[in-house]
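A short worksheet on the structure shown next.
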């Protein structure tokens with residue numbers, strides 16, 4: 001905390017309206033980063049289904065692929081929902097609700113994106129090496145997302161503010 005910010009890290013002297021405007025802006029900017037990643041991943045996953053290697057793969061690989069596509073689609077749904085809510089509720093005085101729902105959508109979308117990334121690594125591993133290695137690598141990738149994206153920030157959030 002500095003002389004220029006309050007205990008929550010917000011600029012001092014900012015009105016409630018300014019804070020809400022800043023929060024919406026920050027949320028939308030953060031979502032742009034995640035949206036780009038999930039859109040690229042989704043395009044990759046869609047193109048995989050049309051390759052000969054995929055066509056010749058097992059039912060297990062096809063199932064992993066379908067689940068991964070559904071995770072990516074769900075992630076896209078949740079990561080774009082705040083923009084839709086903002087547009088539909090524009091100038092309706094609903095900014096606090098948009099920010100609250102948008103935050104929940106963003107966290108859910110990131111969780112699904114982590115699942116889609118993990119599934120993609122598993123899928124590629126199954127096509128390249130088969131056996132237990134892809135499952136171990138996929139589990140390690142999934143745990144990495146869980147720890148870095150969710151566990152570490154949650155532990156930090158639970159610390160008292162100095």
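Going through region 38-57 one residue at a time, which ones are in contact (Cβ under 8 Å) with a residue 12 or more places away in the chain and surrounded by fewer than 16 Cβ atoms within 10 Å (Cβ to Cβ)? Give the derivation first.
Filtering region 38-57 for residues in contact (Cβ under 8 Å) with a residue 12 or more places away in the chain gives 38-39, 41-42, 44-46, 48-49, 53-54, 57.
The answer is 39, 44, 46, 49, 53, 54.
Need the failing condition index for residue 140 against (1) at pLDDT 90 or above; (2) at positive phi, just the number.
Unmet condition: (2).
Based on this model, can you work out whether residue 114 counts as at negative phi, assigned to a helix (DSSP H, G or I) and free of Cβ contacts under 8 Å to residues at least 24 places away in the same chain?
Details: at negative phi: yes; assigned to a helix (DSSP H, G or I): yes; free of Cβ contacts under 8 Å to residues at least 24 places away in the same chain: no.
Spelling it out, it is not the case that residue 114 is at negative phi, assigned to a helix (DSSP H, G or I) and free of Cβ contacts under 8 Å to residues at least 24 places away in the same chain.
Within region 122-143, count every residue that is over 16 Å from residue 56 (Cβ atoms), assigned to a helix (DSSP H, G or I) and free of Cβ contacts under 8 Å to residues at least 40 places away in the same chain.
The total comes to 12.
How many of the residues in region 23-79 are under 17 Å from the mean Cα position of the chain (by Cα) and not in a helix (DSSP H, G or I)?
Counting residues in region 23-79 that are under 17 Å from the mean Cα position of the chain (by Cα) and not in a helix (DSSP H, G or I) gives 0.
Any residue at all in region 7-22 that is at pLDDT 85 or above, within 23 Å of the chain's Cα centre (by Cα), surrounded by 14 or more Cβ atoms within 10 Å (Cβ to Cβ) and part of a helix (DSSP H, G or I)?
Within region 7-22, none of the residues are at pLDDT 85 or above, within 23 Å of the chain's Cα centre (by Cα), surrounded by 14 or more Cβ atoms within 10 Å (Cβ to Cβ) and part of a helix (DSSP H, G or I).
For region 61-93, give me the residue count where each residue is closer than 18 Å to residue 37 by Cβ and surrounded by fewer than 20 Cβ atoms within 10 Å (Cβ to Cβ). Quick ask: steps written out before the conclusion?
Going residue by residue through region 61-93, those that are closer than 18 Å to residue 37 by Cβ are 68-83.
Subsequent filtering for residues that are surrounded by fewer than 20 Cβ atoms within 10 Å (Cβ to Cβ) retains 70, 73-74, 77, 80-81, 83.
Number satisfying all stated conditions: 7.
The values are calculated or read from the model by the stated rules, or taken from the named source; none is laboratory data. These figures come from a predicted structure and were not determined experimentally. Note that each Cβ is placed from the backbone with ideal geometry, even for glycine, and that neighbours are counted across all protein chains shown.
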